[in-house]
Structure formats: structure tokens, C-alpha cells
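Below is one structure, written out as C-alpha cells; the observations come after it.
The values are calculated or read from the model by the stated rules, or taken from the named source; none is laboratory data. Because the structure is a prediction, the values reported are computed rather than measured. Backbone-built Cβ (ideal geometry, glycine too); neighbour counts: all protein chains shown.
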Ligand code: ADP
Ligand code: MG
């Protein structure tokens, strides 16, 4: 093939063409280089496989075999049986759920790797095993090497004939065509000191490692690149914000502040007090505040932010508090409007569903400076919103916003103080290295009298009993949330599942109970009405998608039932759990899992049930990410690393951080060299980071 480069359009690669090209581009693979950076999700090591004949009951193993036959078995519950075999014997694979879907996947002669627990029922079998297609074509060298890379796949890729197997072929083509064209960009001294693989070698070996060791060496090198890039950005950002002076500096708290404080129906906890005084120190100093406030769900971050906003207003500036959902914005507004007004402050609410005249009026009052404190969703960062004098920006549940959205709100003022809040904290060393540009306050304690939520997880086969229990509890005046997952990628299906679940509950399972439904597609005013009705105790059960994950406060609700808990990340589960047990009642969370549940999924659920400590959960969440799963990092507002795991790779993270600082100093006067490094780090790290934020 003629002259392929890292930047050559993907459709010029042999075997791609326009149709596949389009789909690949939609997956972020727009160049030959990006294809090389489409990394395997895992490897299957053929030398470690168990022969089928060696399987014993209760083994959790991976075997590889050819599909010998398949069929739907009727009589009792309909199920799909697929028989596979290797030289040593046969194994039966069974699917009870989704059998129609799975049936279409298998063809006689396909070679597949299956992983699961072995059970015995008229012979050895695996129920709902995980499986990977390896190939169907034994004389093809690249598919039958000892270590087989398995690539992340989607239905769209499959539609244009791209399977894990054809992806291997494509990548092999690209690797061969690019041979000798990739070169090292890191200074030799780093490679030596850190004992890193050279870039071309790493890129080759991440796809075609000779053994597990060489795969790990390749991963380590490429993970270093990712982490180094983030550290570069951090160095830049640090320099940018810390050296500024803001035009308005707050005085120490005065009468207005004390008025609001005195109205609170409770005493601040020690953690709240300490965080607040750190915030006041920042606000009364010349540099703009740039602080992260972290504390577990329910630790009381809101009141701290409100007091900061009051201080801003008392000094003549405006404050904006941005939250991820309309429901939450409304709740904050409803809760704080009155006490703030009593202290002489004017508040406002700005969310997407407020339109027309009402919206115009709010915008006018913001621009004139009449409104002191505005609560809102991302509606507050839209272009039409102007502030008279924005001096404090509070971003609640910061991981729910993109980096871009965060900085856009700050751009509406002149170096405003910034406070970002999160209930999914990250461990300290990680915070220092990854949020090195932010100061950090932590609320480690909970308001007095909170009881930890009792948590269990169960398979869906026990749902009947669970609903019976929910019914009994409701009979005693308790209220329950029933949550369905909602993922962007499968949004349509997920919404349908929530609606079907709601219908089944109201018509068949608990027809005598009052049940409401909320999800993102239901109009905001209708949604609010339902939530308010639930809040006032006039509904027994609220069926919801993850819109309720953050923030909202329903003190009477004691039960949380999470459907398809295997699909949620650990931190997300914990956030949801924060919705119950806020009042007097003992909270109870039941996570309901559906087959198939991966090994990591199982560990996640077990961990969820075993602790209610948000800090421990956060750490485990990052550690227990499955390969190719990003939700751990996303939930923490971290960049979406492909290969680096910021918890288990902490050693690499620390050395990347040290090198970034060194290189920054070294090239302080040589912007060209620095630019070269940065550009390459950006290209090779393939992280989705907003360069805008650091520019
Ligand atoms: P989060 O940190 O999850 O945002 P919130 O700010 O929503 O938590 O607070 C949770 C609940 O705890 C609210 O109902 C709030 O009024 C209450 N709360 C906050 N601080 C205290 C305190 N010091 N003592 C008692 N209750 C408090
Ligand atoms: Mg909150």
C-alpha cells in the first residue's frame, strides 16, 4: 500500500472503503493512527485454556470451542442451547433470557471462547456465559496465535461486517503498512529512566503480544503516555489560574451572612465548618478561589455552598449555582429562597423549561444585577445569559458536567471564585496528582443521627419476593423508589424497559398501590408534579430512570430497588442509595441483578452491599472497572483513560507527574520543543480532553 501515515484517512486503508469508513469515524477511528490506537479490550491466552473434558462442577473457567449446533428448547421455560466442542469433549451453553437475540449470533463452525461457571444438569453446562468470537478460519495465522486480542465491539460495527475478528485483520494491515513510520517522541532519558518500551514496539505489542508480559509492558508504556499528557495539561492550568488576581476581594462575613447562618435549623458539622472556613479564606484572598469540595452523599455540601454565595452577595457580587438536573435546581431554589429572602437576598431560578416572558424577565434581572443568587442547570451557561457582576461560580455534582461547561460558566465573570462539588470523591494521592490545580476541602463526617442504609443484592429470580416485601412496607407507610438504568447508547430500549416495568407494576404486580413514573422524556412540569406528589406522600412508589440519581431529597422514602444493578457503576449505585434513609426511617437498598453478570460485576455488587463508606466505594469503583469500561472514571470527573487505571497505576501516575513538571521547567524557554511534546502526547494519548479548557 502506498505511503500510509498516522494521519491518513481511515477509508484509504485496504479493507475499509466508504461504508465501513463512515462507521469507523463515528467510533472515533478517523485515521490509520486512530485504528492503531483502538486497543484490545482483553486477550485470550490459548495456552491457559482448559480442555472441555477437564471441567468440573462449580469451576469458573474459559474454554475455546467450535459451535457444533444450536436450538431453541421449548417445554418449561424456552431457552437457547448452543453446543460447543473441542478435541476433548462437548459443552452445553444455555440462555434463558434474550435467547432470540443470542440465537442469531451463533453459526455452526464459529470458534468462540466462553467464560462462566460450570453447572451440572444432564451433563456439564454454562448458563449465560460471557463469550467472544475468535474466528472460524483455522489457517489464518493472525487469528490463531497463542494470544488473541479481543476488541471492543458495537452493533454498528457488526453491521458493516466488522467483528473482533475482522478488526484484527484490519489492524494487522495497518500495522504492516505503517512499519517503520512510527517513531519515538519521548526524550530518551525518560524511556531509560522509566524502563519504557519504545513507542513502535509498544503499539505493535499491544495488539500482538508474544505473551502476557509483553502485553503488559506495552500497556504500561501507552498508559504512561496518557498520564503524562494529563500532567502536561495540569501544569498549564496551574500556571494559568494561580497567577491571576481577581478584581473584587470579599470582606470577612458580616451581618447578612450571620443572619442566614442563624436561620439554619441545625448546627454545622465539624467538616462543614472547616470546609467553610477554607472557602472564606480563599474568597477573602487576592487569587481567585479554585476549590473542590468533596463529601459523601448527604454530608451537607449544599449549605456550605449557599453560605459562600451569601458572602459573595454580601460583598455586592452575584453568585451562580449550576446543578445537573432541573429537579435538583428546583429543589435547591424551593429550599433556600425563603431563608435567603429573609436575609434580604434576591434569588432566581433558570432552567430549560422556563421559557418566554418568564425567562426574559429573569435574564433582565440577572443582567441588571437585581438577582443576587441564581440556581440553574446548564441553562445558565447559554449565550443569552449575562451577569451584571458574576463573582462566584458553584458547580454541583461536577462530574456530570463536561470540562467545557464548567469553564464556560466561569467565563461569564472576571476571574470569579470557583467552587466545584462532588459526592464521588477520589482518593487523596489521586486527587493531588490529577486535580493538582484545585485546592481540596473534604467533609469527612455526616450530620448526626444518620443511619447507614442496609443494602443487599439479589438475582432477578427473587423479584417476586422482593415486590411482596415492598408491598408490605408500603402498607406500613413506607415509600419506595424503583430505578431503571438509562444509558445514552441504549436510551430507546432503556426508556421502554422503564415504561414496561411501570405498566407491569400498576396492572399486574401491585395494582392496589399508587405508583408514579418519571424519566427524562416526560415533560418537566409533569415530572415535577409527580415528584412533588411523591414527596408529599401521596404516591407509594416512584418508578424512575436515573434522573433521580443526584441530589433530590425525599425524606419519607425508605426503600430503593435498583433494577439491572449489574449495569451501574459502583459510585452510581452509591449515589442512588443516598436517596433513601434521609429521614427517621431505616433505609433499605435492594440491588437486583439480571444474568449475565460478569465476574467484575459480581464483585461490584458484593462491594456495594458490604459498605456505605463513600470514600471506599469511590476507590473500589476505579479499581473494579472492567476492561474497556469508562464509567468509573467518568463518574469521578476524571479523563476517560483507555489503558491507564489511575488507581492500580498510581506508580506510573506519580512518575508521569514528576516528568511533566521537569519537562515544563526544562523547556520553559523553549516553547517549540514543549509544543512538539504536547502535540505528540495529545495525539498518542487519544484522550478526549478539552484543550479549550487549558488554552
Ligand atoms: P449533599 O452533600 O449530598 O449535597 P445535602 O446538602 O443535600 O447533601 O444535605 C443533605 C441533607 O442534610 C439536607 O436535608 C440538609 O438539610 C441536611 N443537613 C445538612 N447539614 C446538616 C447538619 N449540619 N445537620 C443536620 N442536617 C444537615
Ligand atoms: Mg448535593
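Got a sec? Which strands (runs of 3 or more DSSP E) wholly within region 29-130 have at least 1 residues that are at negative phi and modelled with pLDDT of 90 or more?
Counting at least 1 such residues, we get 60-73, 79-85, 90-95, 111-120, 124-127.
Among the residues in region 296-312, are any assigned to a strand (DSSP E or B) and either within 13 Å of ligand 1 (Cβ to nearest atom) or at pLDDT 90 or above (or both)? No: zero hits. Inspect region 505-524 for any residue being within 16 Å of ligand 1 (Cβ to nearest atom) and under 21 Å from residue 333 (Cα atoms) and give the result as yes or no. So far as region 505-524 goes, no, none of its residues is within 16 Å of ligand 1 (Cβ to nearest atom) and under 21 Å from residue 333 (Cα atoms). Here region 323-357 is the region considered, the condition is being modelled with pLDDT of 95 or more and over 21 Å from residue 261 (Cα atoms), and the residue that is nearest to ligand 1 (Cβ to nearest atom) is 349. In this structure, residue 219 does satisfy being part of a helix (DSSP H, G or I) and touching a residue at least 40 places away in the same chain (Cβ under 8 Å).
Taken as a whole, the structure leaves residue 281 outside the set of residues that are in contact with a helix residue (DSSP H, G or I) (Cβ under 9 Å, 6 or more places away or on another chain), more than 16 Å from ligand 1 (Cβ to nearest atom), part of a helix (DSSP H, G or I) and in the same structural domain as residue 317 (by TED's automatic domain parsing). Filtered by the rule that a residue be in contact with a strand residue (DSSP E or B) (Cβ under 9 Å, 6 or more places away or on another chain) and under 19 Å from residue 559 (Cα atoms), region 520-534 gives 530, 531, 533, 534.
Among the residues that make up region 235-249, is at least one of them buried (at least 23 other Cβ atoms within 10 Å of the Cβ), away from ligand 2 (no atom under 16 Å from the Cβ) and within 29 Å of residue 295 (Cβ to Cβ)?
At the first step, the residues of region 235-249 found to be buried (at least 23 other Cβ atoms within 10 Å of the Cβ) are none.
No, because not a single residue in region 235-249 is buried (at least 23 other Cβ atoms within 10 Å of the Cβ), away from ligand 2 (no atom under 16 Å from the Cβ) and within 29 Å of residue 295 (Cβ to Cβ).
Of the residues 292, 349, the single one that is away from ligand 2 (no atom under 13 Å from the Cβ), in a strand (DSSP E or B) and under 23 Å from residue 520 (Cβ atoms) is 349. Every condition in (1) surrounded by 21 or more Cβ atoms within 10 Å (Cβ to Cβ); (2) in a helix (DSSP H, G or I) is met by residue 209 except one, and the failing one is (2).
For region 267-289, give me each residue that is surrounded by fewer than 23 Cβ atoms within 10 Å (Cβ to Cβ) and within 16 Å of ligand 2 (Cβ to nearest atom).
268, 269, 271, 276
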